[in-house]
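See structure below.
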Amino acid sequence: RTLGDFRVKARCPGAVSPEPDVASAVVGPAHRWLIMGSDGLWDDLKVERVLELLARERSPKAANKALAEAVVRKAGGRQHRPKDDLTIISVLLG
């Protein structure tokens with residue numbers, strides 16, 4: 001984040017932070033996916049919708065595609081792009 005958003009940084013000092021949101025959790029047999037995503041994912045899709053989409057997928061590649069397509073659909077289709085970056089890393093745990 002600290003490499004981009006020059007206009008935002010100039011207008012609103014401190015609005016763009018290099019500090020990540022970090023959480024920890026105990027992972028058990030009930031956990032199937034680990035999803036790391038930029039705000040381009042989480043600003044557009046609620047956790048419940050992400051879980052709904054992941055329930056159908058069997059591979060990280062398919063999961064990333066399903067999530068990215070859901071964000072693009074929400075943004076208005078293929079001719080429109082999301083307003084923010086979109087980075088998704090999916091790890092199939094079991």
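The values are calculated or read from the model by the stated rules, or taken from the named source; none is laboratory data. No experiment lies behind these values; they were computed from the predicted model shown. Only protein heavy atoms, including side chains, enter the accessible area calculation; ligands, DNA and RNA are left aside. Shrake-Rupley method; radii C 1.70, N 1.55, O 1.52, S 1.80 Å.
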Handout entry: Phi-based couplings in Hz for region 60-76 (Karplus 6.51, -1.76, 1.60; Gly and Pro marked x)
Key = x, 4, 5, 5, 4, 5, 4, 5, 4, 5, 5, 5, 5, 4, 5, 6, x
Exercise for the section: With the cut-off at 14 Å, report for region 21-76 the share of all Cα pairs above it, as a whole percent. Expected result: 56
Fill in the blank from the handout: Carbon and sulfur atoms account, in whole percent of the 1.4 Å probe accessible area of region 9-73, for 58
